[in-house]
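Just below is one structure, and these are the notes that go with it.
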Amino acid sequence: MGTVTIGVSIAVPEPHGSLLQQRRAGFGDAAAHGIPTHVTLLPPTEVDTAELAAVEAHLTEVAAAGRPFAMRLSGTDTFRPLSPVVYVRVVEGAEACTRLQERVRDASGPVARELQFPYHPHVTVAHGIDDAAMDLALRELAGYEAEWWCTGFALHEQGPDGVWRKLREFVFGGSTVVPPQAAPVDSGTLPAR
C-alpha cells in the first residue's frame, strides 16, 4: 500500500489565514501557496497508508477530550540562526497547543515521534528564503495581531506535488468533519480509506 506524509495542525481562520499566506508568498516563499496557514501540532510524518484509519481514530479520541480555547497572534520572531524561519508569535493559547500536540504525539499512539526541535507553537510566514526577505517579513509583520477561538484541528496529507490537502477536521468534543475538498479527483493520488 505504501506510505503517506501527514501533518496535524490548527488552521488560522479567515480572513487571517489567506492574508498571512499571501504575505508569505509576497516575501518570496515558493512553498506558501501549498501550505495552508496553521499552527503545527504534528510536523510532517511518514506513515503506512494502512495506518491512516488508526491515526484518524486516535485523533478522534484526542479531539473528544479537547475543549475550545482562545488563540491570539501578536508580532513576529525568528528561529534563526538555528532554523531559517520567521514566524508570527502565539501569545495566547500556546500552553493549550503544547498540551494538545503532546496528546497527538502520545507514545502509545500511532504517530508517536520525537521532534527535531523543542515544540514552540507559531505561524510560519517565511521559511528558507534569503536573509533580506526574512528580515523584511520580520519587520513588516511586527505589528500583526489576530485572535479567534480554536475549536479543533485537522489532519492533512502532503501530495506528490508538495501541496498539503485537508483530509479530515476534528472538532473538540468529538465531532468529525470530512471537508468536500478531501474527496479525491483521481483515486490514485490519495490513499484508500
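Is it the case, given these coordinates, that PHE117 is free of Cβ contacts under 8 Å to residues at least 60 places away in the same chain, hydrophobic (A, V, I, L, M, F, W, C) and either out of contact with any Asp or Glu (no Cβ under 7 Å at 6 or more places or on another chain) or crowded, with 20+ Cβ neighbours inside 10 Å (or both)?
Numbers: free of Cβ contacts under 8 Å to residues at least 60 places away in the same chain: yes; hydrophobic (A, V, I, L, M, F, W, C): yes; either out of contact with any Asp or Glu (no Cβ under 7 Å at 6 or more places or on another chain) or crowded, with 20+ Cβ neighbours inside 10 Å (or both): yes.
So PHE117 passes the test.
Every residue in the stretch 5-45 that is among the charged types (D, E, K, R) and not in a helix (DSSP H, G or I), please. Spell out how you get there, then give the answer.
Our first condition is that a residue be among the charged types (D, E, K, R); within the stretch 5-45, this holds for 14, 23-24, 29.
Correct list: GLU14, ASP29.
Considering only residues that are farther than 15 Å from PHE27 by Cα and either of a type in the set (Asp, Glu) or assigned to a loop (DSSP other than H, G, I, E, B) (or both), look in the stretch 130-147 and name the one that is nearest to the chain's Cα centre (by Cα). Give the steps one after another, and end with the answer.
Residues of the stretch 130-147 that are farther than 15 Å from PHE27 by Cα, as a first pass: 143-147.
Going one step further and asking which of them are either of a type in the set (Asp, Glu) or assigned to a loop (DSSP other than H, G, I, E, B) (or both), we end up with 143-145, 147.
On the way: GLY143: 22, TYR144: 19, GLU145: 19, GLU147: 17 Å.
For the stretch 130-147, the residue satisfying everything is GLU147.
Among VAL111, VAL86, VAL62, VAL55, which is the only one that is assigned to a strand (DSSP E or B) and touching a residue at least 12 places away in the same chain (Cβ under 8 Å)?
Working: VAL111 fails: assigned to a strand (DSSP E or B); VAL62 fails: assigned to a strand (DSSP E or B); VAL55 fails: assigned to a strand (DSSP E or B).
Answer to the selection: VAL86.
In this structure, does ARG72 turn out to be part of a loop (DSSP other than H, G, I, E, B), of a type in the set (Lys, Arg) and surrounded by fewer than 17 Cβ atoms within 10 Å (Cβ to Cβ)?
Values: part of a loop (DSSP other than H, G, I, E, B): no; of a type in the set (Lys, Arg): yes; surrounded by fewer than 17 Cβ atoms within 10 Å (Cβ to Cβ): yes.
So ARG72 fails the test.
So, in the stretch 114-129, how many residues would count as being closer than 17 Å to SER83 by Cα, in a loop (DSSP other than H, G, I, E, B) and more than 14 Å from the chain's Cα centre (by Cα)? Write out each step before concluding.
Filtering the stretch 114-129 for residues closer than 17 Å to SER83 by Cα gives 115-129.
Applying the additional criterion that residues be in a loop (DSSP other than H, G, I, E, B) yields 115-121, 128-129.
With more than 14 Å from the chain's Cα centre (by Cα) added as a condition, the list becomes 115-118, 128-129.
Going through the stretch 114-129 one residue at a time, the tally reaches 6.
Given the criterion surrounded by 17 or more Cβ atoms within 10 Å (Cβ to Cβ) and β-branched (Val, Ile, Thr), identify the matching residue among VAL91, VAL123.
VAL123
How many residues are surrounded by fewer than 19 Cβ atoms within 10 Å (Cβ to Cβ) and in contact (Cβ under 8 Å) with a residue 60 or more places away in the chain when one looks only at the stretch 1-29?
Initial filter on the stretch 1-29 (surrounded by fewer than 19 Cβ atoms within 10 Å (Cβ to Cβ)): 1-3, 5, 13-15, 17-19, 22, 25-26, 28.
Restricting the remaining residues to those that are in contact (Cβ under 8 Å) with a residue 60 or more places away in the chain gives 1-2, 5, 13, 28.
The qualifying residues number 5.
Please find, among LEU52, LEU41, the residue that is under 15 Å from the mean Cα position of the chain (by Cα), within 20 Å of GLU169 (Cβ to Cβ) and surrounded by 22 or more Cβ atoms within 10 Å (Cβ to Cβ). Spell out the reasoning first.
Details: LEU52 fails: under 15 Å from the mean Cα position of the chain (by Cα).
Of the residues listed, the single one that is under 15 Å from the mean Cα position of the chain (by Cα), within 20 Å of GLU169 (Cβ to Cβ) and surrounded by 22 or more Cβ atoms within 10 Å (Cβ to Cβ) is LEU41.
Among the residues of the stretch 74-112, which ones are over 17 Å from the mean Cα position of the chain (by Cα), of a type in the set (S, T, N, Q) and within 26 Å of LEU138 (Cβ to Cβ)?
Within the stretch 74-112, SER74, THR76, THR78, SER83 qualify.
Looking only at residues that are at pLDDT 90 or above and in a loop (DSSP other than H, G, I, E, B) in the stretch 148-193, which one is nearest to the chain's Cα centre (by Cα)? First the steps, then the outcome.
Step one: list which residues in the stretch 148-193 are at pLDDT 90 or above, which gives 148-173.
Filter once more, so that each one left must be in a loop (DSSP other than H, G, I, E, B): 151, 159-163, 172-173.
On the way: THR151: 14, GLY159: 15, PRO160: 18, ASP161: 18, GLY162: 14, VAL163: 13, PHE172: 16, GLY173: 20 Å.
Ranking the qualifying residues of the stretch 148-193, first place goes to VAL163.
Residues VAL91, VAL85: which one is over 23 Å from GLY34 (Cα atoms) and of a type in the set (A, V, I, L, M, F, W, C)?
It is VAL91.
The values are calculated or read from the model by the stated rules, or taken from the named source; none is laboratory data. Please read these numbers as outputs of a predicted model, since none were measured by experiment. Because the Cβ atoms are built from the backbone with ideal geometry, glycine has one as well, and the counts that use them run over all protein chains shown.
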